[in-house]
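The values are calculated or read from the model by the stated rules, or taken from the named source; none is laboratory data. Predicted, not measured: the structure shown is a model, and the values here were computed from it. In this analysis, Cβ positions are derived from the backbone assuming ideal geometry, glycine residues included, and neighbour counts consider all displayed protein chains.
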Amino acid sequence: MKPTNAQTEVARFQIFKEEYLAADGQLLHPLPQNLSADTLVRFYKHMVYARTFDQKAIALQRTGQLGTYPSALGQEAINTALGMCMLPEDVLVPYYRDHSTRLIRGTPARDLSRYWGGDERGSMFSDLTNPDFPDCVPIATQLSHAAGVATALKIKQLPFATVTTCGDGATSRGEFYEALNLAGVWQLPLVMVVNNNRWAISVPFSKQSSVQTIAQKAIAAEVACLQVDGNDPVGLLKCLDEALKRARGNKGATLIEALTYRLGDHTTADDARRYRAAAELASAQEIEPMIRLRRYLTAQNLWSDELEQAETEQSKARVQVEVKAYLATEPQTPDDFFDYVYETCPPELERQKHFARAKFARLQQAKHGNGHGDQHG
Amino acid sequence: MANTESTHTEPTQAPKQIVATMVDALNCALAQALEEDEQVVLLGEDIATNGGVFRVTEGLKDRFGVRRVMDTPLAETIIAGMTVGMATQGLRPVAEIQFMGFIYSTMEHIVSHATRMRNRTRGRLTCPLVIRAPFGGGIHAPEHHSESTEAMFAHIPGLRIIIPSSPVRAYGLLLSAIRCNDPVLFLEPKRVYRSVKQRLTLDAAGLPIDSCFILREGQDITLVSWGASIRETLLAADQLQILGVSVEVIDVASIKPLDSDTIIASTKKTGRLVIVQEAAQTLGLASEIIARVQEQAFFQLRAPISRVTGFDIPMPYFRNEALYMPDTQQILDAAQATLAV
């Protein structure tokens with residue numbers, strides 16, 4: 001639209017993209033000053049562990065030992081960078097594909113498995129002092145919670161940040177804009193990270209929105225924004241670290257659009273072959289984060305086939321310990337489902353609890369009693 | 001025992017007494033809550049500088065500052081969502097939704113998050129929050145400003161719903177709601193906001209939120225209501241008393257969890273029950289009360305349980321709202337039909 005004589009320019013905006021480590025493992029720019037190669041080795045190891053767990057979780061689901069599970073295959077770099085940049089006191093308000101962040105923040109794989117394995121105690125966390133929110137399934141609602149957490153940190157004048165994540169589909173929802181708007185007008189200590197993995201179940205981003213970047217949506221709220229290659233560990237560490245420091249220093253919120261690609265299905269209940277071309281997937285595999293970091297580290301003599309094999313085996317062993325602990329989890333009692341609805345159980349719920357106990361006993365009897373029960377459950 | 005060492009105690013000042021409307025009482029309760037617990041914060045549209053469109057939060061920003069009394073952007077969804085985030089961090093947010101007619105976009109946060117957080121984290125995170133909203137008809141308000149939809153929320157596990165019917169109960173119940181560690185929907189019958197004045201003792205005492213209030217004891221019939229309809233229910237009770245009927249009147253007040261035991265015990269005594277509900281008829285609170293009473297007091301009933309409710313129609317605009325609102329005559333008719341059995 002060309003301006004008429006009656007129109008003058010009142011504002012102008014730009015969007016920048018940050019990238020350091022290219023898909024071929026070459027650095028486009030020197031490493032940022034405070035980033036050591038050792039950090040990148042740790043980064044790689046975190047991703048090995050996260051991917052090992054991811055593969056195990058899918059295998060558990062396929063063998064009936066886990067419920068529906070959303071793989072993070074291909075976007076581990078974003079999760080890992082977040083886990084590494086956050087302080088323990090920062091609060092994570094995630095969506096549901098941030099497994100690596102959780103693992104790094106001390107939520108063990110047994111807890112993740114419990115949650116996706118249909119046990120509420122997965123979100124109780126083995127570490128009760130962990131301040132993080134449970135996974136959030138209703139899309140974009142976590143962004144409002146994060147705004148509330150950030151407001152609380154601000155009111156209490158605590159020098160910590162709130163981090164919230166979402167996918168590209170979530171940016172179509174009203175709450176995405178409500179959260180951005182509040183973050184801008186209240187200068188919240190908030191970092192919003194969009195995992196733009198190009199697919200919201202079966203809908204590609206081209207059908208989600210006509211914007212050139214998701215980052216630019218923050219401009220409408222006067223929130224700092226940036227696009228980053230979400231498969232580039234270096235770029236991610238740099239921009240997340242800066243955004244977190246801004247937040248902790250009470251200098252305002254940041255929206256980071258991290259460009260990545262969902263290499264797996266939406267969840268184990270999905271089959272992406274129904275809507276996604278094989279060629280697109282193949283080219284996305286060329287740019288995924290682990291290959292490029294391994295290329296870089298190998299070229300720097302910081303990584304080798306031997307180290308790879310050792311790390312993989314160690315990760316498998318660690319995951320195995322976690323899976324064993326998950327599978328050995330004591331079952332919940334019927335009381336557990338009534339006792340946390342309110343702080344104290346009201347009389348009507350007590351009555352229902354007594355009925356549930358009897359029903360539970362009957363179900364147990366049918367399952368185990370006399371060998372006549374249903375053994376398929 | 002208290003006061004055994006009275007030689008050393010200062011003479012205690014008697015709590016201040018005021019003559020208060022429900023708006024005054026709510027304002028005093030909020031001030032008391034802000035005063036006694038620095039984790040309490042208020043947020044909502046127009047609540048700080050303007051003091052709320054009904055003036056419930058008048059003066060609180062000046063007294064407690066903008067960190068604790070916050071004007072939010074005009075966005076109900078995030079107001080509700082924020083309270084969830086704030087509450088998990090140890091704050092006790094009290095959010096105002098300006099009218100219940102604008103509350104529906106907050107429902108996702110109430111259903112999916114606020115009421116589930118304790119359960120889904122097995123107690124690790126909790127949501128001690130209050131969402132206040134004026135509701136109900138009878139003040140000639142514009143479209144969407146007069147509905148009573150408490151039953152939509154009463155279906156949600158984990159939520160508390162409290163509806164005061166007088167200034168005194170508004171004060172004590174709101175204090176208890178804010179001190180409670182569960183999420184509370186606190187619905188304020190705006191028809192009562194300024195229509196009644198009561199002597200109110202500012203003693204910081206909460207009222208129970210797990211039981212009904214027996215407003216009058218009687219032997220022949222039980223009338224049950226809540227919110228603004230308590231007025232018509234009491235007027236009907238007055239007229240029945242003149243006719244020689246001994247009437248028990250119960251103010252439910254805590255809609256959920258529902259203290260059905262008090263209602264059942266009363267019905268067992270009187271054998272007759274009429275429920276007055278401003279909300280539309282189908283699947284209202286009256287339906288649940290009837291179900292529980294017939295389960296536990298069926299053989300003590302001397303007449304079918306009757307209910308007086310709004311119609312299952314969209315609330316008429318203010319010109320015709322009297323057609324909708326349950327009135328004293330309807331209650332009398334229902335009571336007399338019940339007594340005639």
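Among the residues of segment A:140-185, the one identified as of a type in the set (A, V, I, L, M, F, W, C), surrounded by fewer than 19 Cβ atoms within 10 Å (Cβ to Cβ) and in a loop (DSSP other than H, G, I, E, B) is A:158. Report yes if some residue within segment A:307-325 is closer than 23 Å to residue A:193 by Cα and of a type in the set (Gly, Ala, Ser); otherwise report no. Within segment A:307-325 (the criterion being closer than 23 Å to residue A:193 by Cα and of a type in the set (Gly, Ala, Ser)), the answer is no, since none of the residues qualifies. Annotation note: of A:187, A:208, A:212, the sole residue that is more than 20 Å from the chain's Cα centre (by Cα), more than 14 Å from every other protein chain (Cβ to nearest Cβ) and within 17 Å of residue A:256 (Cα to Cα) is A:212. Residues in segment A:147-184 that are aromatic (Phe, Trp, Tyr) and more than 10 Å from chain B (Cβ to nearest Cβ) were compared, and the one that is farthest from residue A:245 (Cα to Cα) is A:176. In this structure, residue B:237 does not qualify as at pLDDT 95 or above, under 25 Å from residue B:173 (Cα atoms) and in a strand (DSSP E or B). When only residues in segment A:220-244 that are of a type in the set (Val, Ile, Thr) and within 15 Å of residue A:82 (Cβ to Cβ) count, which is surrounded by the most Cβ atoms within 10 Å (Cβ to Cβ)? Residue satisfying both the conditions and the ranking: A:228. Of all the listed residues (A:107, A:80, A:4), the sole one being farther than 19 Å from residue A:266 by Cβ, outside any loop (DSSP other than H, G, I, E, B) and among the polar types (S, T, N, Q) is A:80.
So that you can scan it fast, the table gives a plain yes or no per residue for (1) surrounded by fewer than 19 Cβ atoms within 10 Å (Cβ to Cβ); (2) at the interface with another protein chain (Cβ under 8 Å from one of its Cβ atoms):
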position	(1), (2)
B:121	no, yes
B:125	no, yes
B:129	no, no
B:133	no, no
B:145	no, no
B:150	no, no
B:157	yes, yes
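With respect to residue B:134, is the statement that it is assigned to a strand (DSSP E or B) and of a type outside the set (Gly, Ala, Ser) true? Yes, satisfied. The set of residues in segment A:216-232 being more than 17 Å from residue A:77 (Cα to Cα), of a type in the set (Gly, Ala, Ser) and in contact (Cβ under 8 Å) with a residue 40 or more places away in the chain consists of A:220, A:221. Under the condition of being outside any helix (DSSP H, G or I), over 14 Å from the mean Cα position of the chain (by Cα) and at the interface with chain B (Cβ under 7 Å from one of its Cβ atoms), which residue from segment A:118-137 is surrounded by the most Cβ atoms within 10 Å (Cβ to Cβ)? In this case the residue turns out to be A:125. Against the test of being touching a helix residue (DSSP H, G or I) at 6+ places or on another chain (Cβ under 7 Å), within 21 Å of residue A:190 (Cα to Cα), more than 9 Å from chain B (Cβ to nearest Cβ) and hydrophobic (A, V, I, L, M, F, W, C), the options A:112, A:92 yield a single qualifying residue, A:92. Are any of the residues in segment B:41-57 out of contact with any Gly (no Cβ under 7 Å at 6 or more places or on another chain), within 14 Å of chain A (Cβ to nearest Cβ), buried (at least 20 other Cβ atoms within 10 Å of the Cβ) and of a type in the set (Val, Ile, Thr)? Looking through segment B:41-57, at least one residue is out of contact with any Gly (no Cβ under 7 Å at 6 or more places or on another chain), within 14 Å of chain A (Cβ to nearest Cβ), buried (at least 20 other Cβ atoms within 10 Å of the Cβ) and of a type in the set (Val, Ile, Thr). Elements of the type helices (runs of 4 or more DSSP H) sitting completely within segment A:241-350 and holding at least 1 residues that are among the hydroxyl-bearing types (Ser, Thr, Tyr), farther than 30 Å from residue B:157 by Cβ and within 14 Å of chain B (Cβ to nearest Cβ): there are none. Scanning segment B:59-89 for residues that are within 19 Å of residue B:31 (Cα to Cα), of a type outside the set (D, E, K, R), within 11 Å of another protein chain (Cβ to nearest Cβ) and surrounded by fewer than 21 Cβ atoms within 10 Å (Cβ to Cβ) yields B:65, B:66.
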